[in-house]
Amino acid sequence: MSLTGACPGTVLVQATASIGRSQLLVCSALMAGITWIKLKPLIIRQTTSKIEPEEGSIMTATGWSANKTIVVYEMAMLAAIITTLTAAPRSSTLLHTVIGGLLIGAGQLSSVLLVKKPVGVSTAYEECGRLFWDALGGKKLGALPDSIVFACGLITGSFMTMLSVPATQEAVARSEKVPLPFILAGGILLVFGARIGGGCTSGHGISGMASMGLSSCISVASMFGAGLLATIGLGL
């Protein structure tokens, strides 16, 4: 994400706005999804045991009740917001960044309530890769997977928003241009990293942490830690 300036979800928004080389990045990510299907068995060890969601939760790891866990989690998030607003400069935007975060949370809530599925984008790249190989092998294709339909909805929603509120496209247009080598390498790393980790920023950061998943908390901490190190190392 530090190399490309995007995550598996935001790159679709940037590509919809035709920003920089974002459309090329999407192509790179799709190629990575196609490659991932062939390499997945070599990278991810298959297991027959199924881990229930509650077994990998913060409540199980800490022994806390669900109510206590939620209170501590919300206090930690509030502290993070206050610290960020106090210490970090904020550019002029159409809406306050906290409002943007709340709207993303509302999107997660609507997804769970309406379609009984949490928000996540990176699975769509894997599913596109699977469809590619199925079509190449002459297999009959069925209905589009939900992850791809969700990604199409994200693209459509982005387009409609930018059409209705031009200021949103102007905000996306401020994204920095990324060198071509970073695009090619970043597209591969975006997809491979998300699939090896079992989710992207939306899958872990929005859905996983909202459900108190311990692995998601570790993944998000790793994302921010890696971003910090990449920023220092690359001088971004």
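Since every read-out is calculated from the coordinates, none of them should be taken as a lab result. From a predicted model like this one, the values you see are computed outputs, not experimental measurements. Neighbour counts run over all protein chains shown; Cβ positions are idealised from the backbone, glycine included.
Please work out the FRET efficiency for the pair LEU78 and LEU42, using the Cβ-Cβ distance as r and a Förster radius of 45 Å; give the result to the nearest 0.05. Present the calculation step by step, with values, prior to reporting the outcome.
Working: r = 43 Å, r/R0 = 0.96.
Computed FRET efficiency for LEU78 and LEU42: 0.55.
Identify the GluC sites (Glu not before Pro) of the range 123-220 meeting these criteria: DSSP loop state and at most 10 other C-beta atoms within 10 Å of the C-beta. Intermediate values should be presented prior to the final figure.
Working: sites: GLU126, GLU127, GLU170, GLU176; in loops: GLU176.
When the GluC sites (Glu not before Pro) of the range 123-220 are filtered for loop state and at most 10 Cβ neighbours within 10 Å, GLU176 remain.
As a check on your grasp of the helix formula, calculate [θ] at 222 nm for the chain: sum -39500 (n - 2.57) over DSSP H runs of n ≥ 4, divide by the residue count, round to the nearest 500. Show your work: numbers first, answer last.
On the way: 10 runs with 155 residues, N = 236.
Taken over the chain, the calculation gives -21500 deg cm²/dmol.
Just to be sure I follow the definition: excluding the sites themselves, where is the longest run in the chain that has none of the trypsin sites (Lys or Arg not before Pro) in a DSSP loop with at most 14 other Cβ atoms within 10 Å? List each step's numbers first, then the result.
Details: sites that count: ARG45, LYS50, ARG90, LYS116, LYS139, LYS140, ARG174, LYS177.
The answer is 178-236.
Among 14-20, 98-104, 153-159, how do they line up by average Cβ neighbours within 10 Å per residue, starting with the highest?
Numbers: 14-20: 19.6, 98-104: 12.3, 153-159: 14.9.
The peptides rank, most packed first, as 14-20, 153-159, 98-104.
What is the ratio of the Cα radius of gyration of the range 67-147 to 2.2 N^0.38 Å, with N the residue count, to two decimals?
Details: Rg = 19.5 Å, N = 81, 2.2 N^0.38 = 11.7 Å.
Relative to the 2.2 N^0.38 Å estimate, the range 67-147 comes out at 1.67.
What's the ranking of 106-114, 183-191, 219-227 by average number of surrounding C-beta atoms within 10 Å, highest first? Mind dumping the intermediate values first?
Numbers: 106-114: 12.8, 183-191: 21.7, 219-227: 14.6.
With the highest mean Cβ count within 10 Å placed first, the list reads 183-191, 219-227, 106-114.
Return the Cα extents of the range 154-236 along principal axes one, two and three, sorted largest first, each rounded to a whole Å.
Ordered largest first, the range 154-236 gives principal extents of 39, 33, 20 Å.
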